[in-house]
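Engineer: Pasting in a structure now, in structure tokens, and then I'll have a few things to ask.
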Amino acid sequence: MRAYPECVPCLINQGLNAVKRLGLGKEKERRIVTEILKFMASFERIDKSPAYYAYYIQRIVMEVAGTEDPFREQKRTANRKALEVLPELESMISSHPDPLAFALKISAIGNYIDFAVRDEVNVEEDIRSMLGEEAAVWDYGVFKEKLKDARSVLLIGDNAGEVALDKLLVKVLLDRGLKVTYAVRGRPILNDATLEDAEEVSMTELCEVIDNGSDKVGTWLEDCSERFREVFYCSDLVISKGQANFETLSSADRGLFFLLVAKCDPIAGETGGSKGKVVFKYKEKPGT
């Protein structure tokens with residue numbers, strides 16, 4: 001996916017919001033905005049994925065913040081708050097007539113909620129509210145059909161916090177006799193989940209967890225480890241979570257499912273969805 005013109009102010013705001021959440025002060029805010037503007041102005045054309053620009057903007061944030069993992073404490077908070085609501089969701093899924101559909105929707109909603117700035121009550125209210133809404137794109141029938149012949153599933157995770165809710169989906173898939181591999185980032189970037197987060201929420205006790213060997217925003221296959229690429233191409237099914245993974249894998253040379261909530265108009269348009277709505281979209285392998 002190529003960046004849209006409206007992605008540019010969003011990318012700048014993403015960097016600025018990072019500084020504000022980290023409490024680095026006005027002087028560093030000004031410095032970061034200046035460096036971001038210089039970076040964006042260095043391109044004659046904005047024709048790469050939004051995730052490409054986001055990565056280098058976050059590297060600027062890391063440099064000014066003086067740390068390789070500026071969101072570490074926010075990620076710990078997100079994981080803790082997500083784990084607090086997990087028992088209630090586990091109770092709901094146990095009595096649901098279609099646990100797989102429920103788990104997929106919960107996983108998507110987890111991608112939308114910013115656990116680090118929400119309290120437990122608000123998180124539960126947000127989840128219940130979104131559960132009552134219809135998905136904008138719901139290729140569930142395609143997924144169930146492909147599950148019939150599948151033996152292995154790769155679930156590419158996205159953020160801290162939501163990694164805890166992804167456990168519901170992993171458990172349902174395991175109960176169906178599938179081998180599940182869960183993938184996280186190789187090194188810290190933004191609030192994306194790493195192996196540390198997977199261990200913190202006990203995902204590593206459920207299934208095999210691998211990192212992709214990369215610190216890029218999204219999943220840049222050319223930058224990922226050989227092990228990750230092997231699992232990516234050899235798994236019968238791949239579920240990719242979040243916008244950045246969609247931005248970087250939408251042209252991947254294999255069929256895969258995208259699971260997310262569209263947070264902006266460009267993503268809504270690219271997925272055929274609606275802003276603020278769940279998207280579960282299947283992308284065919286090119287040429288099929």
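The values are calculated or read from the model by the stated rules, or taken from the named source; none is laboratory data. Since this is a predicted model, take the numbers as computed values, not measurements. Note: ideal-geometry Cβ built from the backbone for every residue, glycine included; neighbour counts use all protein chains shown. The protein model used for the area step is the full one, side chains on, heavy atoms only, and it has no ligands, DNA or RNA in it. Shrake-Rupley method; radii C 1.70, N 1.55, O 1.52, S 1.80 Å.
Engineer: What number comes out for accessible area per residue over the chain if the probe is 1.4 Å? Units Å², please.
Structural biologist: Numbers: 12680 Å² over 288 residues.
Result: 44 Å² of accessible area for each residue.
Engineer: While we're looking at this one, here's another question. Roughly speaking, to the nearest percent, how much of segment 164-249's 1.4 Å accessible area is carbon and sulfur? Please report the intermediate quantities before stating the final value.
Structural biologist: Values: 1270 of 2980 Å².
Carbon and sulfur atoms account for 43 percent of the accessible area of segment 164-249.
Engineer: Sequence gap of 8 or more, or different chains, plus Cα separation below 19 Å: how many lysine pairs satisfy both in segment 159-288?
Structural biologist: 15
Engineer: Follow-up question, since we're still on this one. DSSP loop (so not H, G, I, E, B), at most 10 other Cβ within 10 Å: list which GluC sites (Glu not before Pro) in segment 214-288 pass both filters. Please report the intermediate quantities before stating the final value.
Structural biologist: Working: sites: Glu222, Glu226, Glu230, Glu247, Glu270, Glu284; in loops: Glu284.
Hits after loop and neighbour filter: Glu284.
Engineer: Which loop GluC sites (Glu not before Pro) in segment 33-88, with loop taken from DSSP, have no more than 11 other Cβ atoms within 10 angstrom of their Cβ?
Structural biologist: In loop regions of segment 33-88 (DSSP not H, G, I, E or B), the sparsely surrounded GluC sites (Glu not before Pro) are Glu44.
Engineer: Now for a different question. Between Arg31 and Val8, what's the calculated FRET efficiency when r is the beta-carbon distance and R0 is 25 Å? Round to 0.05.
Structural biologist: 0.80
Engineer: Next question. Percent of accessible area on segment 26-66 owned by carbon and sulfur, 1.4 Å probe?
Structural biologist: Details: 1100 of 2340 Å².
Carbon-and-sulfur percentage of accessible area, whole number: 47.
Engineer: To continue, here is another question. Calculate how large, on average over all directions, the projected area of the Cα convex hull of segment 45-138 is; give the answer in nm² to one decimal. Working shown, then result.
Structural biologist: On the way: hull surface 34.2 nm².
The number I arrive at for segment 45-138 is 8.5 nm².
Engineer: Follow-up question, since we're still on this one. Between Ser42 and Lys148, take the C-beta separation as r, use R0 = 41 Å, and let me know the FRET efficiency to the nearest 0.05. Walk me through the numbers before you get to the answer.
Structural biologist: Details: r = 50 Å, r/R0 = 1.21.
In this case the efficiency is close to 0.25.
Engineer: Contour minus end-to-end for Ser251 and Leu195, with contour as 0.36 nm per residue of separation and end-to-end as the Cα-Cα distance? Don't jump to the answer; show the numbers that get you there.
Structural biologist: Working: separation 56, 0.36 × 56 = 20.16 nm, distance 2.63 nm.
This chain segment gains 17.5 nm when fully extended.
Engineer: With the chain treated as a Gaussian network of Cα nodes joined by springs under 10 Å, which of Asp98, Asp265, Asp236 yields the largest mean-square fluctuation?
Structural biologist: Asp98
Engineer: Using a Gaussian network for the chain with springs between C-alpha atoms less than 10 Å apart, which of these wobbles most: Asp223, Asp149, Asp158?
Structural biologist: Result for the chain, Cα springs under 10 Å: Asp149 fluctuates most.
Engineer: Quick one: 3J(HN,Hα) in Hz for segment 187-197, Karplus 6.51/-1.76/1.60 with θ = phi - 60°, rounded, Gly and Pro as x.
Structural biologist: 8, x, 7, 6, 9, 5, 6, 10, 4, 4, 5
Engineer: Turning to a different aspect of this structure: Which of the listed residues, Ile109, Ser95, Val142, is farthest toward the dipole's positive end in segment 81-169, when Lys, Arg count +1 and Asp, Glu count -1 at the beta-carbon?
Structural biologist: Farthest along the dipole direction, towards plus: Val142.
Engineer: Considering only Ala160, Ala82, Ala41, give the residue with the highest GNM mean-square fluctuation for the chain, with springs between Cα atoms whenever their separation is below 10 Å.
Structural biologist: For the chain, modelled as a Gaussian network with Cα springs under 10 Å, the answer is Ala41.
Engineer: Could you let me know the centre-to-centre spacing of segment 252-288 and segment 173-195, using Cα atoms, in angstrom?
Structural biologist: Each part's Cα centre sits 19 Å from the other's.
Engineer: Okay, next question. Could you calculate the contour length gain from Arg72 to Ser95, that is, 0.36 nm times the residue separation minus the distance between their Cα atoms, to one decimal place in nm? Intermediate results must be reported in sequence, preceding the final value.
Structural biologist: Working: separation 23, 0.36 × 23 = 8.28 nm, distance 3.54 nm.
4.7 nm is the gain from fully extending Arg72 to Ser95.
Engineer: Give the lysines whose C-alpha is closer than 20 Å to that of Lys28, dropping any in the same chain fewer than 8 places away, or say none.
Structural biologist: The reachable lysines, counting only those whose Cα sits under 20 Å from Lys28, are Lys20, Lys38.
Engineer: Ok, one more. Can you compute the modelled spin-label distance between Asp175 and Ser202, with each label point 7 Å from Cα toward Cβ, in nm?
Structural biologist: Going by the 7 Å Cα→Cβ label model, 1.7 nm.
Engineer: DSSP loop trypsin sites (Lys or Arg not before Pro) in segment 3-102 with at most 12 other Cβ atoms within 10 Å of their Cβ, which ones? Please report the intermediate quantities before stating the final value.
Structural biologist: On the way: sites: Lys20, Arg21, Lys26, Lys28, Arg30, Arg31, Lys38, Arg45, Lys48, Arg59, Arg72, Lys75, Arg76, Arg80, Lys81; in loops: Arg45, Lys48.
Answer by residue number: Arg45.
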